[in-house]
Amino acid sequence: MSIFSNNIRFLRGKRNLSQQSVATELVISRVRYSKYENGVSEPPIELLVKISKYFHVSIDLLVSVDIRKYPMEEMLKLPDNRIVLPVAVDHLGNDTIEIIPQKASMGYLEGYSDIGYIESLQRIALPFLTNGKYRAFPADGDSMPPFRNGSYIVGKYVEGINDLKPGKTYVFITLNDGITYKRFKEIKGNAVSVSADNSFYEPYDIPFNEVVEIWQYASGIFPEDFEPGDYESYNFKEMFRELKQDIKDLDKKVSGRRKS
């Protein structure tokens with residue numbers, strides 16, 4: 001038996017349908033359909049599409065996820081047939097969140113759509129986070145104080161770009177930059193305009209087609225205290241940025257005088 005065969009058997013059973021009734025809707029024989037449920041053979045792609053439409057379940061789910069384990073109505077379906085697994089609970093009944101490991105954060109880009117990868121992640125319970133799907137991402141760099149290397153940003157899953165709110169901070173999972181935590185400014189054409197809280201870094205745009213997932217900031221996990229000296233490094237970078245800008249302005253003035 002395969003995941004696919006178990007799934008279509010399960011879906012047919014939920015509807016209290018006979019093999020013959022499903023086969024009739026698919027315009028195939030009952031014997032042929034029963035072979036798919038028994039795992040004896042697999043349907044060609046054109047029939048797989050018909051089965052997907054008939055049960056209103058994406059092909060990706062049909063062939064890769066044991067949907068008997070998850071309530072279908074609680075799965076968040078994404079445009080490219082990926083899913084975000086429903087909220088899991090611990091033995092005390094508290095909601096749990098997955099934690100993306102610090103040392104393997106880049107692996108998330110390869111594993112975010114892999115059910116096995118997500119299920120293998122460590123989980124913790126944060127009882128004060130409810131009514132949503134949450135995940136913890138490692139902070140990297142110094143662009144968003146007070147988050148520093150070693151801390152985690154807990155985000156709430158955002159279903160679409162149109163749900164972004166100006167001035168709020170988000171974890172953007174992108175094809176080029178991987179996991180990045182930034183403040184949303186505005187929608188600019190076919191891109192999301194974002195900025196860092198550390199003004200040493202310039203704002204920039206993320207094209208829609210590079211955005212994989214978006215998680216709105218909900219909480220933070222800080223294994224270490226943020227020391228006063230850390231702010232001094234940010235102030236130094238800010239002074240350096242202002243110096244660079246002064247040099248650019250001076251260069252423009254000198255160039256203008258030369259032309260005149």
How high is the FRET efficiency between F222 and L48 when r is their beta carbon distance and R₀ equals 45 Å, given to the nearest 0.05?
-> 0.40
Taking every eigenvalue of the Cα gyration tensor of segment 96-221, multiplying by 5 and rooting it, what semi-axes result, largest first, whole Å?
-> 22, 16, 15
Modelled label-to-label distance, L175 and I124, 7 Å Cα→beta-carbon offset: nm?
-> 3.3 nm
Quantify, in whole percent, the carbon and sulfur part of the accessible surface of segment 1-46 (1.4 Å probe; protein heavy atoms only).
-> 52 percent
Using R₀ = 35 Å, calculate the FRET efficiency as 1/(1 + (r/R₀)^6) where r is the Cβ-Cβ separation of D163 and Q20; round to 0.05.
-> 0.20
Taking all protein chains as present, what is the carbon and sulfur share of the accessible area of segment 96-221, in % to the nearest whole number, probe 1.4 Å?
-> 48 percent
Packing-based order for 202-209, 178-185, using average beta carbon neighbours within 10 Å, highest first = 178-185, 202-209
In a shell of Cβ-Cβ distance under 9 Å around D197, excluding D197 itself, what net charge do Lys and Arg (+1) and Asp and Glu (-1) give?
-> +2
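The values are calculated or read from the model by the stated rules, or taken from the named source; none is laboratory data. All values derive from a computational prediction rather than experimental measurement. Backbone-built Cβ (ideal geometry, glycine too); neighbour counts: all protein chains shown. The area values use the complete protein model at the heavy-atom level, side chains included, leaving out ligands, DNA and RNA. Shrake-Rupley method; radii C 1.70, N 1.55, O 1.52, S 1.80 Å.
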